[in-house]
Amino acid sequence: MNGFISACQAVVGEEHVLIDAAGKAPFLTDWRKRYSGDALAVILPRTAREAAAIVGLCAKAGCSIVPQGGNTGLSGGATPDGPGRRQVVISLKRLNQVRALDLPNQTVTVEAGCILQHVQELAALHRCLFPLSLAAEGSCTIGGVLSTNAGGTAVLRYGSARQLCLGLEVVTADGQIWDGLRGLRKDNTGYALRDLFIGAEGTLGLITAAVLKLHPAPAARLTAFAAVRDIDCALALLGMSLRHSGMLLTAFELISHSCLEYVTHYFPAIRYPFPRPVPYAVLLELSDQESEEHAREILYRLMQESMEAGIVDEALVAQSIDQARQFWSLREHIPLAQAAEGPNIKHDISLAASNIPEFVARTDREIRSKHPDCRIINFGHLGDGNLHYNVAAPVGIAPADFMTHQDGVSEIVHRRATELGGSISAEHGIGRSKIEEMRRYKSPVELQLMHALKRAVDPHSLFNPGKVLPPAAS
């Protein structure tokens, strides 16, 4: 493969083709240390043309490609396979330029390696908002969040990554560049090619740039924590919040006591928000284009009426930006606290919000019948029906030992979600972790259509083989 490596070095420069073990190491294991692999090289192109040239060289040499952004994924989708596979990791980190800012059109065109937080900050400098927000925003990249169709905390109002993208630039499997960087809200000229690549986890092509929607920055953002006795009360609060505030409701997060306990244990600087333990808390945010006074009036009235109705037991309204940040910091530290505790059995399911109380009650019961002392850590975006239902080892049991029950626990969770019309993946993707679940829970017709698309767009399975799609039935 020396000729292949030399050809790649001629395209991007010798220093951007990593072939030694130390140089490759940060790109070969996911951040949770759950998935590892090997690659002939890690290649970091600087432009879309360089990326296209590398793809062409990989196709000629018979090397498959693992696209990688910030490597913050939770399903192993950006990790190469084990030794013996002719694979190359193409990291998009160096494709990190802002190509255009069109304020009258409320769009920004950025390259795939741009950090999500940097795009948020750029928008804020121009009194705009890029509303996609998630815990990894300081390190995840635009290409990655589009490839997984990331959701985050503001889906309720602004939609997921798919709804926030108007156009793409993509390197195809034959090394061509599709320039779909059009900032149009309406374009009814044939198939929506953009939507094929968003959420495909790098299995159909290499996203190199995107046109993203901006929104006017709100005049005020107000945050509140509400203590509720159960998920039914949280759901009732969601309905009341929508009636009171309509489109002002930006985020509506459900957080169980176990999550609050984890975070305050591993991060003592973050205080438990209520004076006594509560079964569940709701973190909600209103964004108002009018004024802070207007938003505060709506929020106080909502909290007062919900408490009078017996829906909310206690309410805390942030009195400053710092206090609002403290509230959100608690939510954002949940994954970090879980990582500090050790491995646990994670799930990222989607349901109609109205079905979540039944799902939790039935699933809790079945899992605890088999693992009586396990700890269930559920939280998520109740406003859009996305629940992170995680199961941790009982106290005194090594987390790694409890992970031997992963298949059985996940079968219960995914089966229950599917029985209630839900999805086994809301925003984390399929990657390597849920391949067999795709075979189990997707209909044969859906899988046939997906395989037909893969064969048409990537006939030689160049991009990210072994991810998303189970092998086709022979």
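The values are calculated or read from the model by the stated rules, or taken from the named source; none is laboratory data. Just so we're clear, the structure is a prediction, and the values are computed from it rather than from any experiment. Neighbour counts are summed over all protein chains in view; Cβ atoms, including those assigned to glycine, are modelled from backbone coordinates with ideal geometry.
Some points to look at:
- Residue, surrounded by the fewest Cβ atoms within 10 Å (Cβ to Cβ), within the range 428-462, restricted to residues that are closer than 21 Å to ALA161 by Cβ and among the aliphatic types (A, V, I, L, M): LEU453
- Residue within the range 267-288 that is in a helix (DSSP H, G or I) and closer than 30 Å to GLN338 by Cα present: no
- Residue count for the range 151-196 satisfying the condition of being of a type in the set (Gly, Ala, Ser) and either modelled with pLDDT under 95 or over 20 Å from VAL98 (Cβ atoms) (or both): 9.
- Matching residues, the range 17-29, being buried (at least 18 other Cβ atoms within 10 Å of the Cβ) and either among the polar types (S, T, N, Q) or closer than 20 Å to THR47 by Cβ (or both): VAL17, LEU18, PHE27
- Checklist (1) at pLDDT 95 or above; (2) assigned to a loop (DSSP other than H, G, I, E, B); (3) under 30 Å from the mean Cα position of the chain (by Cα) applied to GLY310, failing item: (3)
- Any hit, the range 65-86, residues being within 25 Å of GLN176 (Cα to Cα), at pLDDT below 95 and more than 25 Å from the chain's Cα centre (by Cα): yes
- Restricted to the range 106-212, the set of strands (runs of 3 or more DSSP E) holding at least 3 residues that are without any contact (Cβ under 8 Å) to a residue 60 or more places away in the chain comprises 165-171, 177-180.
- Here VAL445 clears all of (1) in contact with a Phe, Trp or Tyr (Cβ under 7 Å, 6 or more places away or on another chain); (2) farther than 25 Å from ILE345 by Cα except the condition numbered (1).
- Residue within the range 160-171 that is surrounded by 18 or more Cβ atoms within 10 Å (Cβ to Cβ) and within 23 Å of THR29 (Cβ to Cβ) present: no
- Among the residues making up the range 30-64, a single one is in a strand (DSSP E or B) and either at pLDDT below 95 or more than 27 Å from the chain's Cα centre (by Cα) (or both): SER36.
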